[in-house]
Every structure is written in C-alpha cells, then in structure tokens.
There are 2 protein chains.
Amino acid sequence: MSTLDRWNAKTKPPGSLGKIEWIATRLAAIEQTDHPQATPAVALLFAADHGVHAEGVSPYPQAVTAQMVSNIVHGGAASSVLAKLHGIEHFVIDVGVASEIAPHPRLVNRAIRRSTHNFAVQPAMSEGEFERVLAIGRECINAQAAQARVVLVGEMGIANTSSASAVAAALLGLPAHEITGAGTGLDATGITHKVAVIDAALALHTDRDPRAVLRCLGGFEIVAMCGAYLEASAQRKALLIDGFIATVALLAAARMDPTVLDVCIFSHQSSERGHRAVLNDLSAEPLLSLGMRLGEATGALMAYPLLVQSCTLLAEMATFAEAAVDNRAGSLG
Amino acid sequence: MSTLDRWNAKTKPPGSLGKIEWIATRLAAIEQTDHPQATPAVALLFAADHGVHAEGVSPYPQAVTAQMVSNIVHGGAASSVLAKLHGIEHFVIDVGVASEIAPHPRLVNRAIRRSTHNFAVQPAMSEGEFERVLAIGRECINAQAAQARVVLVGEMGIANTSSASAVAAALLGLPAHEITGAGTGLDATGITHKVAVIDAALALHTDRDPRAVLRCLGGFEIVAMCGAYLEASAQRKALLIDGFIATVALLAAARMDPTVLDVCIFSHQSSERGHRAVLNDLSAEPLLSLGMRLGEATGALMAYPLLVQSCTLLAEMATFAEAAVDNRAGSLG
C-alpha cells in the first residue's frame, strides 16, 4: 500500500493533517520504505573561522567561534540543549577554528588550517584545501552519521554570514545588497559596510562555477556542509536543512549535483535577509517560520519534532477498519 | 531578572531565537514566575452531536462522533497518538454525543442531552442547558486539569464546523459565505448548501449577545470549551489554542470576558476557510501554519513541543558569563 493510501485509511478526513502527512510521505520516498522513521538522527555542526572577519563584518570577536564550540560540546548552547532534549547525538567538527579548543568526546578535530584567508584580498582557500574539506564533510557522514536516518547539518563561525552572503550572491547573480543581512546583529551602518566588502569580493573573484565560488568566497565549514549533503544524498539519508548558511551550502551542493535536493526537508524560514531568495531558487517551502536566526542547526532541531510526530502518526493511528469507524461514502479505508 | 534579561544573557545574539523567545516570556507572564514551565499539560476534548446534521451539512454519518470518541480513548486517533508521544494526559468529556459509548477511564460522561436541537429550526439548546454545559466546561479545569500548567482544549463532533461557522458569522457580523469552509471535506455544492443553512439560521436567530449566539447556534462542546477557557484564565493556566472551532469558542469566551486572551498562545493556522478572520479579530498570530484541519486539539498538540523547547532553552542554556564566551561590546551577559 502506498504511503498516501496508508494516510487515507487512517481515522481522519483525507489530507486533514496537511503538511504533516507530506513529511512522512517524503521520508518514505527518501528512505525507500513504507514505514518511514525519523530516528536515529544526528546533528553535525561544522565550525571554522573566516579571514574576512578582519574587515569588521561582525559585531563579535573572532575568539567567540572557539568559545562557542566549547560551549556547544559542554551542553550550554541552544543546539546542545535541543539535541539533548530530542535524544539526538550531536558533534562539532572543527574544520578550521582560529584558536585551540580543549579536546572533548563530541569534538572532532579535522582542522584544515586556522581560519580561511580574507576573501576581500585573496581566495579563501587553495584548490587542495577545498578538495580536502569537501572530502571531510563526506567522511563525517560515514564516521559520525553512519547509523542515522536523518541528518541535521549546522555551523558555527563568526563572520560566516558574510561568506554565505557572498556565495549566494555569486551563485544567484545578485548584487550583495539583495542578499546581505544583519547576521548576528549589525546595525544599518554595519550592513552597508558588509555589503561593500562583499561587492568588492564579487568583483575580485569572477569565476561563477560553484566550486570556484566556494573556494574563493566560502568558508571551510560551508564547504564541509556541502560535502556532508552530497554524501548523505548518495546514501539516501534524509537531510533536515537549517537556516540561511545551511541553505546557501545546499544551493552550492545542488549546483554540483541537483539530486541532493531529493533528500531534503527544509526546516525553517530564517529572518536573515537573504534566506528567502535562496529558498525561492530551490523552490523550497520550510516547515516553520518563527523569526529565528541563530544557526548551529537550531532551526532544524526546532522542526525535528514535526518529523517524529508525522512518522508516529503514520505508524500508530488506527485505520477506519481497525477502529470500526464509519467512513464517508466512496472513501478508502 | 526579567525573562527578557534572562534571554539576553544566554549565549546567542539577542532576539535570535525569534518567536521561541516570545513563548517562554509569554508563559512566564501567564504563570507569574521567572521560571516558566510547559509541563504538566493536559488535553481536554469535548464531544457532542449536532441537530443541524439533519440538514446534510457533513459528508460523515452522525454515528462517527461516538465511534471517534471511542477511537480517541482507545489510542487510535491522531490526538491520542500525539498526546501519548508527548506524555500529555488526555480526556474526552462527552457533553452530548448522540449514541452510547462504552465506559473508559479517559472518558468522562457529562452529557447534557443526546445532541443539540437543529438550529436551522429552533435554538440549539435551552437557557438552562447553556448554563449547565458552560459550568461543566469550568468544572473540568478543576477535575481533569487541576495539576496542569498548560491546557489544550479540543473537540469532536460531526457537523460542528457548521455550528462554529454560524457562531463566528454572528459574532463577527459577517455573511456565512465569508466564514464557511469545507469542514471535513465538502465539495463546492456541499459548501453552497452549508452556507444557505447557516444564512437562514442567522436570519432566524437574531440576538447577537454572545451567550444568545452560543445558545441558539452553538454546540454543547463549543459552550463547554468556552467554560473551560474562562476557568483556565481565572486560574492563570496557559491555554494552547487549537484550530477553527477552538478559536471560535475562544472568540465567544473573549466577548464574555476579554481577559481570557491574556493566557492564550495560538498554536496553528488551520486551512479551514473561516479561521483567518477569527484570528484577525483576536489579533492572533499562530505558531504553525501547516495546512492542518483535523480538530481534536491536533494543531495544539503539534505545536506543544515548541513550548517545551522554549522553556527548556530558557532553563538550560548557559549565559555568556557561565560559558566564558565573549559578548559583543555593550551587551548584557
């Protein structure tokens, strides 16, 4: 019986659970089963620093990246609180944080280099570094997400909305001001400066091939996210896509291999300015719209209970026949 | 420290959890505490039948109300699956189902009469019945929800979108066609007929006092929901408001006592046609918009994890000081 027929046999008017029915139907297609499951899930947070921070594009000091990674692995960050609440394993993969972080079982050290170069003056990384960090993202699906049916990919990196905005503007062919927002909380003057930095970088790095865009304007964590998406897709694991930076990484991945979109569920509409344009390009309609803009996979974690609820309803609701409930004339059940 | 100050001390950019921060702040105000909690919660589903069913306003036979009540208490309905998943106690209160239902620990028999009268030809209930069922709704807050901080109120009653549409049209001063939708799944011809039945009833019952509107056009479960809302508000319990019918019952309650709105959080935007107009009248912005239209408190149950997540984040996230994370200049923390 198809997943749609299974839903229509359940004791409810057909289609009355709306997008909640779509979720389990989508997971069934991704997992290639009639009995989709949202567990086990894993959250992989890629962390790195950004040379472009030197241009004054963030209100936070660069040291915050390492401090927040430590906070995440010790359970104090929003993402760690939510992952624990949902029983989701979570890991931080350091792919290029600027300062040293004390070892921790949840921290995976795969640092390429301590921070990318400043893309305002040179490519963020070399071709060799790009290929290595893309492969690291892929490897994490095998290492940390081997058991997972659902993968939540997030990031931590002070100044990484600048990198993500630059990548999105380059891939969408838009001027920076249409895609660049407040990030962690710039004021209007700060945003104007950030736009100028990105526009200058777009003029400096003119190759619009997605790999070149990522290498010149991306961050190590953004490239690693790309790699993780591509490998998850190859293994038919469902991807619950987080907010602005996560969606920009997916945009780049989709330009390399459009089939990655077949395993995606979009969790939330961020309040970061550029997110809508990127979602529109991917024809994506996220589940939630709650004005969040935190990163760290927090939007995906917030939406995750919807996946659990959908799969549990499909598995446990009685059918009209099982419950001896009269259906309307001409209905399945 | 105010709840806003507590949020701003946490390791995240201020406001970056968007409406999720608003939820715990709202619960703190309702519960009059600095440490709001979303547990324990209870779901109270009021069930009754409707005389107007005789006019052919629903595609389902009236017997389905009793059958679905049985399904709910035995765990097979959407609401029972979600309540169990979330560890929420749930009860069905029979305030006027047309046929007998086998006793069950989750089923509370407070039936006024087996079904209301047909409001197309006479008032749905007498003044005495109205007062009695309003009091029953209040009493359930003391009986079944005594321990609860958060109350989810839902309904089951074949043909009750006709009653709710009539009540909403009367209270908002709108013609039936602006508020009447497909309910459990009428086609265009069916909706046209339903609109005609409601317009005729609005012409027959002309008193627009909210109590008169409820008595003439309401259902036993809709009046009981009103009573439950008013008592929960008096006891400063938070109300997580479900979809169309639940919001219409709240509209009526708010016309009797506007302070009831001070304890409400709106869970979801239903795809039932009239819901938006009722929400607009109450200046309400629901948390979710997922195209659901099932009733049974399923929208409230679907949104409930957002309340849990919000309170858990506020309780468990580290502050900048606790986690030794640098804040931006001039910030709290």
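Quick grid of which residues meet (1) under 11 Å from the mean Cα position of the chain (by Cα); (2) more than 27 Å from A:Ile198 (Cα to Cα); (3) surrounded by fewer than 24 Cβ atoms within 10 Å (Cβ to Cβ):
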position: A:Ala238; (1), (2), (3): no, yes, no
position: A:Ala249; (1), (2), (3): yes, no, no
position: A:His268; (1), (2), (3): yes, no, no
position: A:Glu272; (1), (2), (3): no, no, no
position: A:Gly295; (1), (2), (3): yes, no, no
position: A:Leu301; (1), (2), (3): yes, yes, no
Subject >> Number of positions in the range A:202-236 that are assigned to a helix (DSSP H, G or I) and either without any contact (Cβ under 8 Å) to a residue 24 or more places away in the chain or open to solvent by less than 10 Å² (accessible area, probe 1.4 Å) (or both) >> reply: 17
Subject >> Pick from the range B:279-298, criterion more than 9 Å from chain A (Cβ to nearest Cβ) and polar (S, T, N, Q), ranking: nearest to B:Ala148 (Cα to Cα) >> reply: B:Ser283
**OP:** State the number of residues belonging to the range B:257-266 that are more than 14 Å from chain A (Cβ to nearest Cβ), open to solvent by less than 10 Å² (accessible area, probe 1.4 Å) and among the β-branched types (Val, Ile, Thr).
**Re:** 2
Original post:
So which of B:Val108, B:Val81 ends up being among the aliphatic types (A, V, I, L, M) and more than 26 Å from B:Ala182 (Cβ to Cβ)?
Top reply: B:Val108
Original post:
For the range A:1-30, which residues satisfy the criterion of being in a helix (DSSP H, G or I), open to solvent by less than 30 Å² (accessible area, probe 1.4 Å) and not small (Gly, Ala, Ser)?
Top reply: A:Thr3, A:Trp7, A:Ile20, A:Glu21, A:Ile23, A:Leu27, A:Ile30
Original post:
Restricted to the range B:91-110, and to residues that are open to solvent by 50 Å² or more (accessible area, probe 1.4 Å), in contact with a strand residue (DSSP E or B) (Cβ under 8 Å, 6 or more places away or on another chain) and assigned to a loop (DSSP other than H, G, I, E, B), which residue is farthest from B:Val213 (Cα to Cα)?
Top reply: B:Pro103
Original post:
So, of the residues in the range A:304-322 that are open to solvent by 30 Å² or more (accessible area, probe 1.4 Å) and of a type outside the set (Asp, Glu), which turns out to be farthest from the other protein chains (Cβ to nearest Cβ)?
Top reply: A:Ala321
Original post:
Which of the residues that make up the range A:42-55 are away from chain B (no Cβ under 14 Å) and either open to solvent by 10 Å² or more (accessible area, probe 1.4 Å) or basic (Lys, Arg) (or both)?
Top reply: A:Gly51, A:Ala54, A:Glu55
**OP:** For A:Ala168, state whether it is under 21 Å from A:Glu127 (Cα atoms) and either out of contact with any His (no Cβ under 7 Å at 6 or more places or on another chain) or in a helix (DSSP H, G or I) (or both).
**Re:** yes
Subject >> Top-ranked residue of the range B:111-158 - restricted to ones that are open to solvent by 10 Å² or more (accessible area, probe 1.4 Å), out of contact with any strand residue (DSSP E or B) (no Cβ under 7 Å at 6 or more places or on another chain) and of a type in the set (Gly, Ala, Ser), ranked as nearest to B:Val52 (Cα to Cα) >> reply: B:Ala120
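Conditions tested, residue by residue: (1) hydrophobic (A, V, I, L, M, F, W, C); (2) facing chain B (nearest Cβ under 7 Å); (3) over 30 Å from B:Ile158 (Cβ atoms).
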site	(1), (2), (3)
A:Ser270	no, no, yes
A:Ala277	yes, no, yes
A:Ala300	yes, no, yes
A:Asn327	no, no, no
Subject >> Scope the range A:56-90; condition more than 9 Å from chain B (Cβ to nearest Cβ), outside any loop (DSSP other than H, G, I, E, B) and of a type in the set (Gly, Ala, Ser); matching residues >> reply: A:Ala66, A:Ser79, A:Ala83
**OP:** Scan the range A:266-295 residue by residue and report those that are out of contact with any Asp or Glu (no Cβ under 7 Å at 6 or more places or on another chain) and closer than 22 Å to A:Lys84 by Cβ.
**Re:** A:His268, A:Leu287, A:Leu288, A:Leu290, A:Met292, A:Leu294
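The values are calculated or read from the model by the stated rules, or taken from the named source; none is laboratory data. It should be emphasised that the depicted structure is a prediction, and the values quoted were computed from it without experimental measurement. Cβ sites come from the backbone with ideal geometry, for glycine too, and all protein chains shown count toward neighbours. Please note that ligands, DNA and RNA were not included when accessible areas were found on the heavy atoms of the full protein model with its side chains. Shrake-Rupley method; radii C 1.70, N 1.55, O 1.52, S 1.80 Å.
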